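Report on the structure given below.
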Amino acid sequence: MIPFYMLERYEGNEPLFELVTMSMVSTYAGEPLHVHAEGLRGTGKTTIMRSARGILPNITRIKGCIYNCDPENPHCPKHRDMTPEEIESLGTEDIPMPFLEISHSAKVGTVAGSIDLARLTDAANPAAQLLPGLIPQAHRGIIFIDEINRLADTSPEITDILLDVMGNKPGHLQIEEAGLPTVDISVSVSIWAASNPDEDPGPLEEIRRQLSDRFDLVCYMGRPDSVDILSHMLEENSHQHKIRNANKRGSNVYDETKNDKYRDEIIKWSEQYGSTDLPDFLRNFIARLYIKHNLESIRAIEAMQQGAILHSLIKNRDKVMIADVTRILPLALKHRVDGDTLVKLINDVESRGSREGILSFKNKKNKREEEEEEYFQHNARALKDMSRSELVNTEKDLTPTHG
Ligand SMILES: [Zn+2]
């Protein structure tokens with residue numbers, strides 16, 4: 001596995017680097033962010049997602065708790081009813097934030113959990129003898145599913161479990177065993193998925209629309225299209241070849257401490273996450289898009305809000321800007337609206353933007369962003385003061401004026 005710090009970055013894969021970073025920040029702060037990378041084979045989706053495991057920070061749990069109980073907020077069947085004094089006497093331990101994988105051929109018992117019937121002494125309380133599956137064991141961490149479209153196609157039972165886990169933040173999980181009461185436990189896990197929509201069985205939104213909608217943000221991975229990047233990748237790959245040979249000789253040429261910088265940033269941004277809010281006028285802006293374009297999914301605009309805040313943090317801004325919202329917009333909508341609506345919506349935002357000089361989908365240098373911000377602060381008051389009638393009359397508001 002290539003360490004995160006050594007991965008090649010280029011325009012086509014930058015959105016995925018942003019998504020996984022945002023999700024790690026959010027997960028560490030206690031709020032899941034479910035992300036899905038779509039793209040052709042060989043674009044490196046799974047490499048980026050799996051390498052991110054190497055930069056995850058540690059979490060603190062009650063000593064030995066396989067459900068990763070937070071000592072401040074124990075949730076597992078064994079610890080949830082204990083007093084703070086009892087919890088304290090158990091002690092704590094630091095473990096790497098969980099990162100577990102579900103394969104597309106996984107079984108329900110492995111994913112959710114089962115009840116250890118041999119050890120069950122009290123049939124009224126099956127929770128006490130639960131063998132937690134991968135999802136409850138990933139509490140406060142990440143579950144990665146490659147080829148999620150195949151999983152959704154072949155396993156409706158696991159898809160139903162994912163719908164529950166991703167339904168709310170935190171989600172919940174039900175474990176059933178014939179003849180026993182159902183055990184329900186809360187679980188806070190970010191789901192990361194990858195798929196190739198051009199391969200059988202096709203795009204996730206066509207297989208199980210409901211599951212597709214549960215992903216907050218989706219990005220489409222592009223191929224590298226610059227000669228410089230490709231030749232550099234070739235060079236790195238031949239270097240990897242040398243590394244493999246070196247490893248065979250028993251020496252390690254990866255400097256894993258170079259991952260520390262990324263880990264420290266995740267911790268820093270997640271500490272800021274709790275105190276960063278979306279300004280009212282940006283919330284209104286998102287609300288207007290929802291009304292004007294008849295967006296079906298409230299999750300879409302919730303994802304825009306959460307995504308914009310996280311994006312502003314990973315760009316080290318001291319406040320959320322409209323550029324953060326416009327950057328997130330296509331990622332929150334690509335899988336939720338048809339192509340025509342998305343194009344219309346982006347045109348709307350862009351024409352509105354060119355009128356006001358504050359919106360653009362293109363990446364900008366920091367200086368340009370600062371100029372934007374200045375301009376935006378200037379305009380913010382006007383936006384904020386917009387009357388209620390104007391907010392409702394979104395048609396008029398978002399239609400570009402001429403002259
Ligand atoms: Zn516990």
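So is Asn68 closer than 30 Å to Tyr254 by Cβ and touching a His at 6+ places or on another chain (Cβ under 8 Å) or not?
yes
Scanning region 33-70 for residues that are β-branched (Val, Ile, Thr) and more than 20 Å from Lys169 (Cβ to Cβ) gives Thr43, Thr46, Thr47, Ile48, Ile55, Thr60, Ile62, Ile66. Residues in region 119-142 include at least one that is in a strand (DSSP E or B), under 27 Å from Leu40 (Cα atoms) and in contact with a strand residue (DSSP E or B) (Cβ under 6 Å, 6 or more places away or on another chain). Against the test of being within 18 Å of the chain's Cα centre (by Cα) and β-branched (Val, Ile, Thr), the options Val108, Val165 yield a single qualifying residue, Val165.
Can you tell which of Pro71, Pro32 is surrounded by fewer than 20 Cβ atoms within 10 Å (Cβ to Cβ) and touching a strand residue (DSSP E or B) at 6+ places or on another chain (Cβ under 6 Å)? Going through Pro71, Pro32 in turn, the sole match is Pro71.
When Asp116 is tested against the conditions (1) surrounded by fewer than 17 Cβ atoms within 10 Å (Cβ to Cβ); (2) within 14 Å of the ligand (Cβ to nearest atom), the lone failure is (2).
Read-outs throughout are calculated quantities, based only on the coordinates presented, and are distinct from any laboratory measurement. Since the structure is predicted, the reported quantities are computational estimates derived from the model, not experimental observations. Positions of Cβ are backbone-derived with ideal geometry, glycine not excepted, and every protein chain shown enters the neighbour counts.
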